Each structure stands twice: as structure tokens, then as C-alpha cells.
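What follows is a short report on a single structure.
Only the coordinates and a few stated rules stand behind these numbers; no lab work does. Not measured: the values here are computed from a predicted model. All Cβ positions, even for glycine, are placed from backbone atoms using ideal geometry, and neighbour counts span all protein chains on display.
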Amino acid sequence: MSSPAVVALRAVTKAFPNGTRALDGLDLTVRRGEFLSLLGPSGCGKSTALRLIAGLSRPSGGAVVWGDGAPKAAPARGDLGVVFQEPTLMPWASVAANVRLPLQLTRRADVAEPRVRAALARVGLDGFAEAYPRELSGGMKMRVAIARALVTDPALLLMDEPFAALDEITRFRLDNALLGLWQELGKTVVFVTHSVFEAVYLSTRIVVMTPRPGRVAADIAIDAPFPRSETFRTSAEFAALCRTVGGALADAMGETFA
Amino acid sequence: MSGSPAEPAPAGMPPVGAPAEADEARPWRARLVRFGLPLLALALGCVAWELVVWVYAVPAYQLPSPLAVATTLVEDRALLFGSLLVTLETTAYGFALAVLGGAGLAILFSQSRLLETMLYPYAVILQVTPVVAVAPLLLIWLPQPVAVLACAWIVAFFPMLANTTLGLHSVDHNLSDLFALYGASRLQRLVRLQLPAALPMMLAGARIAGGLSLVGAVVAEIAAGSAGAGSGLAYRIAESSYRLNVPRMFAALILLSVAGMAVFGLLSLASWLILRRWHESALSRGP
């Protein structure tokens, strides 16, 4: 990987007031254009790492360095898109109003309408602009959340186990849709998951993390070509990659339990 | 995602209005049961009451018959409805001031923890001190209409303050993070996140405040009693009681109950109209 760094965590430590050390000396570089998955068991600090990158919490030690490290390399509001574990939609607002929110908060409401329409079309929800979140299925709500994250056209998309609560059929469908978007838009994606299969299917690189405290246990490049489809999901190559990554994950967990 | 087929329509979506189907299948019977039964109970009660008064020849100053009350209601209509309007006006002003004051103070509290810590205990004291005990003092200090209004305001104010405070605090954490991510200002956060999230609680508070405002107005009018120059419904009750005009007391009492139900009904309707598109309370089948 020779593309320039988008953001790097340098020896980042995060301790919470209750004494939990979620991260301890985490080194991680996210490179432009890659689809990077953070893989690990619950409680390994994957989500904490994502929140640090999003600027929603501050590291207790170490640093989050943007781009080449110049002070103005830090992302402006709207350069980052985040998709949370839950769709996190405003129940009182229509789908269009939910997607419009980031533009309003960053005072770009003047360009909102075409962008909102484009974002909804991109996630396949053209006809649902005036629907309310409670009228949508779980998968559709997640699509709205993705449209909302994309509406500011961010360079970096952070996703925190976005499809974990969905049934497998919907999940596969959204995985495919997400890959399509990633190829089409050329964004950098950091994707947190605890599913080996999902990580292998989606990623160009997988970082396996150890639980409590979170550190990098393995860094595995997934070189399978894109576009990936059901053919890849059922191939021997996919199975072999899953075995490798699964083995790394087992090692990572074994270290702490031993 | 443009190419991917739309998901099979909203699998997790409970068809809106589904619970109502049982009612819609036999609307006539359902409605008859819901409204007919209470009315039937009322009719039976009135007949029994009328019989008791007639059989035992109870004098009207002890217990007037329903017919006598109805007759009074018609004969004294000008007086009684005039008084009803006075009481309703006080109730409406007390309620409006309580909504503005309670919600306004709650918003101030949400912006300044310092202010909240400093003043909240006094709001609680205002609430727990019985308004009947405060009314005489207010009647000394203030002209009577203002004193009555102040009492209506005092009792209606707290539910609005407490509910709005709770509502403003019960914002979804992830949504709060999302607002932080896009660098939302305090005002944006308040208007676009906290107030909409608090709205259901505020409307529940308003429903309580509406009824309590009427209670406060009545209590103050009673406290003012015959000494007062007022002309509200509660004043009519006090006055009728001194003159032993019991049928008129009953008539005024009935008007007060109806007014209370109307206030509650109107506020419930307003709440339903505002929340019906998104809030569970308005979507699940009501009463």
C-alpha cells in the first residue's frame, strides 16, 4: 500500500474513568481509498478507535494524526461521515429531512435538495423521501443512515458494525450495495465488524485486534479483485482467506485468555 | 446501490392502523360499546336518583332531582354560562402562561446547569405548597382576577417545567454524537434535536397542566368566596351554597366537570394531531 495516509493513530491509549483500558498503544494507519475493516471480539476497543478518529472522544495518550500531519490537515465538518450501529434517525423527521440534517448543521442548506435526492437515489430509496423512519424496515433505515453519511460527500466514511442487527439476507444485500458505492465513489472506508466473513468479503485490508486492552494483533491484506460478488463469497479463495483471518482472530483472543 | 433491487417492502414495519382493524370490522358495534355503555350507566343513575328523590320526597336544598338540576341549568343559563366563560378564560390564561413559563424555564435550565441548581428547588417548593394555603395571601396582595390567575398558573406551571426538563434530557446519545460530529451550535442542537425529542413529554405535561389550571382557578375563586367580587363558576358555587340554592350548585358543578373534560379532550386531540406521524403513543390505538 503506497497511497498516502488519510489518518493515523500513533501509540493511542484510551482509558475510561472507571479504569477500563480500552486501547493500549494502538498504531493504525488508514490509507486513501482503502476499505479497512477492524475485526475483533466485543470489547476490543474497535468502536473506541472509531470514535477517536471521528473526534467524538479524545485519546488519553498518543495522537490522532491527519494526512501529512500539518495542522490544517484536520478534517472540516462534513469531511467525515459516520454510520452508527443503530440507524440513529430522528423519528420526528421524514427520510429527506434526516438526510438533509448534515447539510443544515454545516450551513450548506442552499445546495441541499439536489444532494439529498442524489444520496437517496444512490442507496435505492428514491420513492421514500417523505416517509417517516418508523414506516421503514431495519435495512431501509440503515440505507437512510448511509445516505445521510454520504450527503456531505465526505472523503472518509466510518462505519461501526452498521449491519450487525440485520438479518443475513438483508445484510448480504447491504454488503453488496456498500461495495458498489465504495467502488463508484472512491471513498476511504473504516468498517468495524465482528464477523470474519463480512470483513473478508468487503475489505482490502483487515486489522485484527486483541481484546482488553485493544492492540493490533494482525494486519492482513485481502488482495482478491473487485468487483466481488456471490461467486467470490462461495469460492475456495474466500474460504481460505476466512480460515487465515479466523485463525488470526483466534490467536488474538487466545493471547489474552491464556 | 443504484442497481440493487429495493428490499422486499418494509418487513419489520407493522402496518399502521393494524390494531384498529378489529374495530373497523364492526365499527357500529364497537362505537356503541365505547360510548353507549357509559351513557347507559349515566341514564340508569339519573333514573335511580330521580326515583329516590321522588319516593322519599327529599327536599331540593338537600338533594335536588336530576330534572330540577336540568331545569336550573336551562333557567339560569345566562348567569351560569357567563360564569363558565370567566372561569375558562382564567384557565386558558393560566395554562398559556404555565406552558410558556414552564417550557421557557426548562429551556433555560437545559442551557445552564448553574441556573438549574440554583432555582429548581424553589420550583419544587412552589409545587408542593398547597395552593389553597397560598390563595388567601395572594388575594390580599393582588386584585382578585390577578390572584385567581396566579393560582391557576402556580399549579399548572410545575408539570410543564418537570416534563420539559425530563424531555430535554432524554435525547438519544447517538443522535447527540451525530450533532457533535457536524459541529452543531447550541441553538441548532436545541431547535433540531432537544425540543423535538422533548415534544411528546411536553405535550403530556400540557395535558396535565390544562386540567390543573382549571383546578387552580376554582380553588382561588372558592378561597375568594363571597367576599370576592368575582363571577366565575366556583364563585357561583360558593354563593349558591350560602343561599342554599343547591340545584344551582349542582348545575355549576356539572358545567365545571364538562369544562374539565373538554380541556383534557382538546389537549389530547392537539397532542395526537402533532405526534401522529411519528410517535408511538399516537400510533398505538388510543383510548
Inset, instruction - Determine the calculated [θ] at 222 nm for chain B from helices alone, applying -39500 (n - 2.57) to every DSSP H run no shorter than 4 residues and normalising by the residue count; nearest 500 deg cm²/dmol. - result: -24500 deg cm²/dmol
Inset, instruction - Using only the alpha carbon atoms of chain A, find the Kirkwood hydrodynamic radius as the inverse mean reciprocal pair distance, in angstroms to one decimal. - result: 18.9
Legend entry - Cα centroid separation - segment A:85-109 against segment A:118-178, whole Å: 13
Inset, instruction - Quickly estimate the mean residue ellipticity at 222 nm for chain A, helices only: each DSSP H run with n ≥ 4 gives -39500 (n - 2.57), and the total goes over all residues, rounded to 500. - result: -11500 deg cm²/dmol
Legend entry - Chain lengthening between A:Asp251 and A:Arg21 when straightened (0.36 nm per residue, less Cα-Cα): 80.8 nm
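Largest first and in whole Å, give the semi-axes of the protein assembly as shown's equivalent ellipsoid, each being the square root of 5 times a Cα gyration tensor eigenvalue.
Values: eigenvalues 814, 154, 75 Å².
Those come to 64, 28, 19 Å.
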Inset, instruction - Could you work out which residue, out of B:Gly94, B:Gly205, B:Gly104, moves most in a Gaussian network model of chain B, that is, has the largest mean-square fluctuation with Cα springs under 10 Å? - result: B:Gly104
Legend entry - Estimated distance in nm for a label pair at B:Ala30 and B:Ala270, the labels positioned 7 Å out from Cα along Cα-to-Cβ: 2.8
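Given R₀ = 45 Å, FRET efficiency for B:Val47-B:Ile125 by Cβ-Cβ distance, to 0.05? Please report the intermediate quantities before stating the final value.
Values: r = 49 Å, r/R0 = 1.08.
Step by step, r from the Cβ atoms, then E = 0.40.
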Inset, instruction - Please find the FRET efficiency linking A:Glu184 to B:Ser185, where r is the Cβ-Cβ separation and R0 is fixed at 35 Å, and quote it to the nearest 0.05. - result: 0.55
Inset, instruction - List the aspartates and glutamates whose Cα lies under 13 Å from the Cα of A:Lys14, skipping any in the same chain that are fewer than 8 positions away. - result: A:Asp24, A:Asp27
Inset, instruction - Once you've got the GNM for chain B with C-alpha springs shorter than 10 Å, pick whichever of B:Trp141, B:Trp153, B:Trp272 has the biggest mean-square fluctuation. - result: B:Trp141
Inset, instruction - Taking the Cβ of each residue in B:Glu239, A:Glu237 as the centre, tally the other Cβ atoms inside 10 Å and list the residues starting with the fewest. - result: A:Glu237, B:Glu239
